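Structure, as structure tokens:
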């Protein structure tokens with residue numbers, strides 16, 4: 001299986017051309033066909049995992065929560081009426097699971113930072129950001145990443161989710177509104193507030 | 001709005017860094033397999049839960065199962081005995097006549113069976129009709145079960161019989 005380029009943001013619209021095939025897979029999975037469900041999992045695993053990871057900043061937690069979300073979705077598949085796309089539906093399950101988990105974990109403030117992948121060091125935007133704009137010129141990518149994660153964890157869950165879905169994963173406001181079950185104005189205002197907060201937390205690194 | 005986007009330009013470029021945070025190589029190759037295997041495990045667990053619930057409701061079932069699990073020969077003998085009994089019962093019920101019972105019943109035809117009042121043969125009790133007549137009075141060649149059936153169909157103390165009698 002080929003893995004997606006991490007620098008390219010995931011788009012819900014990527015799946016629209018074969019929506020018919022997706023519906024057929026959902027129908028088969030509803031009848032208990034695990035092979036069909038396996039295909040659905042493979043379609044969305046990267047995006048679901050990435051969203052959860054950007055919310056938790058922890059690989060193990062993201063792995064467990066993503067698996068739990070897909071298992072819960074399979075168990076609840078009978079109740080999926082098709083009012084929204086399967087993509088939105090599974091996203092909602094994953095997001096709700098993650099928010100519940102974070103509420104329980106809030107007191108711990110636990111964070112595990114995974115290694116950056118090789119491509120990050122070659123990203124011109126990031127190299128410029130680290131070497132030219134930061135006051136501490138010796139601050140490396142890992143330090144910036146660490147500070148970013150710390151700043152993200154200081155946001156409330158809805159604000160963090162909007163940033164993760166829009167600025168990191170590249171989803172449109174409309175898609176985020178559907179996933180979060182709120183209107184687009186709310187998404188925009190949350191995004192603006194979250195960016196302001198992050199800007200404040202990372203002032204020393206972004207000037 | 002565009003101005004706002006420009007204000008956050010540095011932040012947005014920094015957030016791009018998070019796109020490079022990836023799980024270990026090959027992680028996605030096994031992810032769906034793990035999900036599917038956990039779904040299967042849950043399914044098996046649910047079935048076990050049903051068995052456990054049954055054992056909780058009737059503990060003797062689980063004790064019996066454990067006993068037979070350690071002694072499969074006993075389970076085989078008991079199973080074979082049950083089969084023989086079942087087959088014997090079927091064969092016996094399908095036989096044209098049961099010799100011992102039939103002999104006694106034939107005697108009852110003319111002389112009555114020992115210990116049974118020959119009331120049925122008496123003309124003094126016509127109202128009772130066939131409801132108390134001995135089964136030996138039925139035609140020969142029918143099985144015991146066939147002979148029993150007519151008794152069940154005839155009303156013994158129906159009000160119509162009593163009215164007719166009057």
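You can think of it this way: the chain between residue B:94 and residue B:30 has 16.8 nm of extra reach, that is 0.36 nm per residue less the Cα-Cα gap. Extension gain for residue A:150-residue A:35 works out to 37.5 nm (0.36 nm per residue, less the C-alpha to C-alpha distance). Each of A:89, B:60 was scored by other Cβ atoms within 10 Å of its Cβ. Arranged with the fewest first, they read B:60, A:89. Each residue, residue A:204 and residue A:18, gets one label point 7 Å from its Cα in the Cβ direction; the gap between the two is 4.9 nm. A crude spin-label estimate for the pair residue B:42 and residue A:81, with each label 7 Å from Cα along the Cβ direction, gives 2.3 nm. Ranked by how many other Cβ atoms sit within 10 Å of their own Cβ, fewest first, the residues B:31, A:80 fall in the order A:80, B:31. Among A:166, A:173, B:20, B:45, which comes first, second and so on when ranked by fewest other beta-carbon atoms within 10 Å? Lowest to highest Cβ neighbour count: B:45, A:173, B:20, A:166.
Can you work out the FRET efficiency for the pair residue A:172 and residue B:52, with r the C-beta to C-beta distance and R0 = 51 Å, to the nearest 0.05? Numbers along the way, then the final one.
Values: r = 49 Å, r/R0 = 0.96.
Between residue A:172 and residue B:52 the formula returns 0.55.
Across peptide B:26-38, the mean count of Cβ atoms from other chains lying within 10 Å of each residue's own Cβ comes to 6. Averaged over the residues of peptide A:64-73, the number of Cβ atoms from other protein chains lying within 10 Å of each residue's Cβ is 3. Shielding of peptide A:190-202 by partners, expressed as the average count of other chain Cβ atoms within 10 Å per residue Cβ, is 3. Using the Cβ-Cβ distance between residue A:184 and residue A:104 with R0 set to 30 Å, the FRET efficiency from 1/(1 + (r/R0)^6) comes to roughly 0.50.
Every read-out reported here was derived from the displayed coordinates using simple, explicitly stated rules and does not represent laboratory data. Nothing here was measured: the structure is a model prediction, and the numbers come from that model. Backbone-built Cβ (ideal geometry, glycine too); neighbour counts: all protein chains shown.
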